[in-house]
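The values are calculated or read from the model by the stated rules, or taken from the named source; none is laboratory data. As the structure is a prediction and not an experimental result, all values here were calculated from the model. Note: ideal-geometry Cβ built from the backbone for every residue, glycine included; neighbour counts use all protein chains shown.
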């Protein structure tokens, strides 16, 4: 789990932050487990056009990432 001022990585942390109202948008890998995506309620969800490995690489991480949460709805993957 990694966290900075704009981006949150880690399904448990993202779901907790959604419940507290801090996460406004979640980007999920196209192969993110359905059990995780079903827990994403009352938040904008976008699907990344790549798998978990590609999402991790896009975020500069050396590991797969199923989803990333953003505190700002206008945040973009760079």
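Computed quantities for the displayed model
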quantity	calculated
Members of segment 1-31 that are touching a helix residue (DSSP H, G or I) at 6+ places or on another chain (Cβ under 7 Å), more than 16 Å from residue 72 (Cβ to Cβ) and surrounded by 12 or more Cβ atoms within 10 Å (Cβ to Cβ)	11, 28, 29, 31
Complete set of residues in segment 55-73 that are more than 15 Å from residue 11 (Cα to Cα), within 13 Å of the chain's Cα centre (by Cα) and assigned to a helix (DSSP H, G or I)	58
Residue count for segment 14-41, restricted to those that are more than 10 Å from the chain's Cα centre (by Cα), over 16 Å from residue 52 (Cβ atoms) and assigned to a helix (DSSP H, G or I)	4
Of all residues making up segment 42-53, the number that are within 11 Å of the chain's Cα centre (by Cα) and farther than 14 Å from residue 72 by Cα	3
Candidate set from segment 42-54 (those that are part of a loop (DSSP other than H, G, I, E, B) and within 17 Å of residue 70 (Cα to Cα)); member that is modelled with the highest pLDDT	43
